[in-house]
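Asker: Input: one structure, supplied below.
Read-outs: derived from the displayed coordinates by stated rules, not from any lab. Note that the structure is a prediction, hence the values are computed from the model and not measured. All Cβ positions, even for glycine, are placed from backbone atoms using ideal geometry, and neighbour counts span all protein chains on display.
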Amino acid sequence: MPKGSEVDTRYTQERELSWLRFDQRVMEEAWDESVPLFERLKFAAIFTSNLEEFFMVRVGSIGDMALIRPNHVDSKSGLTPARQLALILQAVRPLCRSRDKLVSELEKRLRACNICRLSPAELSQKERRQIQRFFRDCALPILSPLVVDSHHPFPHLPSGQLTVALSLRREGRDYLGLVPVPKALPPFLALEEPGLRYVLTEQIVLSQAYSLFEGYTVTSQAVIAVTRNADLPPEDEEGETQEDFRAHMKKLLKKRARLAPVRLELQGTLDTPALEHLQTRLGLDPQRVFHSKAPLRMDYVFSLAQRLPPASAAALSYSAFEPCWPGALSPNETVTAQILRRDVLLYYPYHSMEPFLRLVRESSSDPQVLSIKITIYRLASKTKLVEYLAAAAENGKDVTVLLELQARFDEQNNIRWAERLEEAGCTLIYGAEGYKVHSKLCLITRRERGAIQYITQIGTGNYNEKTARQYTDLCLMTAHPDLGADAAAFFQDLATGNLTGEYRHLLAAPHTLRPGLLELIDREIGKGAEGFLFCKVNAVTDRVLIDKLSQASQAGVKILLNVRGVCCLRPGVEGLTDNIRIFSIVGRFLEHARIFVFGKGEDAKMYLSSADFMTRNTQRRVELACPLLDEAVRRQLAHYIELLCADNVKARELDEAGQWQSVSRPSGQTPRDAQNILLAEAAESPALAGKEAEPSPPAFLPWLRQKLGWD
């Protein structure tokens, strides 16, 4: 950094505004005419869900910082928390207006396909009777209407719950009425008509709410939702707890539900006294109140997808896709035997997760298997993996599961699986004190003819069978003895609370990952203009790594970053980052894999990792980066990188100002959508799936030089 300056922001930008630009690109997919119509509505729903989590986590966290450390200066933007909040709220409003316009346009077009979200006022007499029956028989028995007055205090409104709010008048006095919409109710009522015509449940309750307040006149009404701060890490609690950690997490989840409000949303109109009453009770100023024309919660869209008539689904959704069995593995031989012969790299969601699950299932009953150890961060609500791990323990295997109970918003699910695994006889470890365990590692230890063998699986994504069909991730399965020995030492260190272990090949946060990455970047800096670096991550916020990348750029190293979301590093800044290019892909699947490549050709060091370039990953989590040692797998990864870099359909490039711009495609150039190409390759050709490539080193650098003008 320049002398005399505490914060150098010449090549960095504010993190939260960068995140909002990522969510804006999610919404751009919903504006994209090339995306099937119903899928566009899904992207609008994803944008809405993302924004809710953003307020819960990031806005909540910065709000806390504004109270605790108001003079703190952000290391990437030079802004105080109060100034950050002001810019965030200013940036969110136009995004919400764009979302409202988008949803309106999409729903108009869906109506032409007889997929209609209707208001109660639009219904026929027969349909009105249907919603009245639904209200009387299903909703009314579990509703809890309330008039806020001196005898009825303002209730707790849980984060995210939809509530009907009414301005009421009686005998010249104004009152506020509230009717929470129970989550036990379905999100919508499908009408008894051809096609898919439906009314959202909150609109049904809104239309009938007047009947709940006899003696009052309803002067205005709206659907509201409160968003609360959810940033409550256990390590921030005062004091230490000696109770069972699982019980401690259950208490924290209850406490999270009551944390301070950070946003109020309204769909509809409330009289000024009622709105001011809400703001006062919630402790929110007008800048935290957002009026919406679109539904406040759009998760119903994914339930709606299951009810689309077959012809509509075919015309309005992505073509059906089923993850395939990889060509590198024969389905007629045990996965165990094949991994003992050669490394295998799986690409989710193009490949099925089934080979890994089959490996665990085989191990659960294999007489040669002594133990299975695994770190788990997130699991699906229904999962075969837990079933197989439990079976292994019940079959007498030594099964150790490090289950992270602090996986935000998945804590309750993880607690439930922890209880099941413990009942089966597995040894449970709940993370590491003060750190989240975010690594994705499984070690199977065998004894064959008196010798110990290891099968190691390491991945970039969670052991979640649902998201493995939606996120792009990489999964390496290997019997390399050195990697197995490293994994065994890593698990031993975790079991004893040692986070300072050093390993022959693995880089592990919080102790060796960032120093190892810095050393690898220094290796490229030593090559000057011949140095090369490619990284694919979800976010770049770690100031130490950002500064090192700038140093490498100034030394002439050519740097290409594929960053899905937040990127606090600005490329192309003269004299500072002008050798850095950054691109991003938002498409059908969520890009989630982490890849690090240092150097080129046979000299290249290639890593898979669970970590992003974020301080929380490098300093406050247990993460791993694993090198690819097998040449065939390295060639596969090089091909994967080439496809990503060749994308000229979904890719966007980050400019010097920190804005995402469409990748220019010269006239006549073939459109290349990396995800679609990978889908086709996985389905039609075994090449990506492990077919032996020509025995040559990765050759993506010359191609990249031509693409990026680095010749």
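Asker: Considering only Ser34, Cys442, Met353, whose Cα is most displaced toward the positive end of the charge dipole of the chain, charges sitting on Cβ of Lys, Arg (+1) and Asp, Glu (-1)?
Answerer: Checked the options; the winner is Ser34.
Asker: Which of the aspartates and glutamates could a cross-linker span from Lys126 if the Cα-Cα distance has to be under 19 Å and same-chain partners fewer than 8 positions apart are dropped?
Answerer: Asp137, Glu192, Glu193
Asker: Go through 319-325, 84-90 and give me the packing order, highest mean Cβ count within 10 Å leading.
Answerer: Going from most to least packed, we get 84-90, 319-325.
Asker: I'd like the FRET efficiency for Leu67 and Arg342, computed as 1/(1 + (r/R0)^6) with the beta carbon distance as r and R0 of 45 Å, rounded to 0.05.
Answerer: Plugging the Cβ-Cβ distance into 1/(1 + (r/R0)^6) gives 0.20.
Asker: Take every Cα pair under 8 Å in the chain that's 6+ residues apart, average their separations, divide by the length, and report that relative contact order as a whole percent.
Answerer: 11
Asker: Calculate the dipole size of segment 506-609 relative to its Cα centre from +1 charges on Lys and Arg beta carbons and -1 charges on Asp and Glu beta carbons; express the result in debye to the nearest 20.
Answerer: So the dipole magnitude of segment 506-609 works out to roughly 340 debye.
Asker: Here is a follow-up. For Phe154, what residues show an amide H to amide H distance below 5 Å, using hydrogens built from the backbone and excluding near sequence neighbours?
Answerer: Correct list: empty.
Asker: Now a separate question. Within segment 650-666, list the residues whose amide N lies under 14 Å from a label point set 7 Å along Cα→Cβ of Glu39.
Answerer: 650-651
Asker: Related question: Expressed as a rounded percentage, what relative contact order does segment 151-215 have, with Cα pairs under 8 Å and six or more residues apart?
Answerer: 25
Asker: Please find the FRET efficiency linking Asp578 to Tyr318, where r is the Cβ-Cβ separation and R0 is fixed at 30 Å, and quote it to the nearest 0.05.
Answerer: Efficiency computed from Cβ-Cβ geometry: 0.20.
Asker: Mind checking the dipole of the chain: about its Cα centre, +1 per Lys or Arg Cβ, -1 per Asp or Glu Cβ, Debye to the nearest 20?
Answerer: I would put it at about 1280 debye.
Asker: What are the residues whose amide H is under 5 Å from the amide H of Cys324, where those residues sit 5 or more places off or on another chain and H is modelled from the backbone?
Answerer: Amide H neighbours of Cys324: His351, Ser352.
Asker: In whole angstrom, how far apart do the alpha carbon centroids of segment 165-192 and segment 59-85 sit?
Answerer: Cα centroid of segment 165-192 versus Cα centroid of segment 59-85: 37 Å apart.
Asker: Can you find, among Leu507, Val649, Met614, the residue sitting farthest towards the positive end of the charge dipole of segment 507-708, where Lys and Arg contribute +1 and Asp and Glu -1 at Cβ?
Answerer: Projecting each Cα onto the dipole axis, the largest value belongs to Met614.
Asker: Can you pick out the pairs among Lys440/Lys548; Lys436/Lys605; Lys436/Lys650; Lys605/Lys650; Lys382/Lys440 whose Cα atoms lie more than 23 Å from each other?
Answerer: Distance filter (> 23 Å) returns Lys440/Lys548; Lys436/Lys605; Lys436/Lys650; Lys605/Lys650.
Asker: In Å and on Cα atoms, what radius of gyration and Dmax does segment 60-112 show?
Answerer: Rg then Dmax for segment 60-112, in Å: 17.3, 54.
Asker: Per-residue counts of other Cβ atoms within 10 Å, averaged by peptide: what ranking do you get for 300-308, 507-515, highest first?
Answerer: So the order, starting with the most tightly packed, is 507-515, 300-308.
Asker: Follow-up. Would you please state which residues of segment 518-562 a label at Arg665 would reach in this model, taking the label point 7 Å out along Cα→Cβ and a backbone N cut-off of under 16 Å?
Answerer: The answer is none, because no backbone nitrogen lies closer than 16 Å to the label point.
Asker: Return the calculated 222 nm mean residue ellipticity for the chain, to the nearest 500 deg cm²/dmol, obtained by summing -39500 (n - 2.57) across DSSP H runs with n ≥ 4 and dividing by the residue count.
Answerer: That calculation yields -11000 deg cm²/dmol at 222 nm.
Asker: Please give the peptides 392-402, 491-501 ranked by average Cβ packing (other Cβ atoms within 10 Å per residue), highest first, as a rough proxy for protection.
Answerer: Descending packing order for the listed peptides: 392-402, 491-501.
Asker: Next up: With a bin width of 5 angstrom, please list the P(r) values of segment 507-708 as percents of all Cα-Cα pairs, from the 0 bin to the one holding the largest distance.
Answerer: Percent of Cα pairs in each bin: 1, 7, 15, 20, 21, 18, 11, 5, 1, 0.
Asker: Starting from 0.36 nm per residue, how many nanometres of slack lie between Lys108 and Ala91 once their C-alpha separation is accounted for?
Answerer: Between Lys108 and Ala91, full extension yields 3.4 nm more.
Asker: For segment 338-495, what's the radius of gyration and Dmax over Cα atoms, in angstrom?
Answerer: Calculated on Cα positions, Rg and Dmax stand at 14.6, 45 Å.
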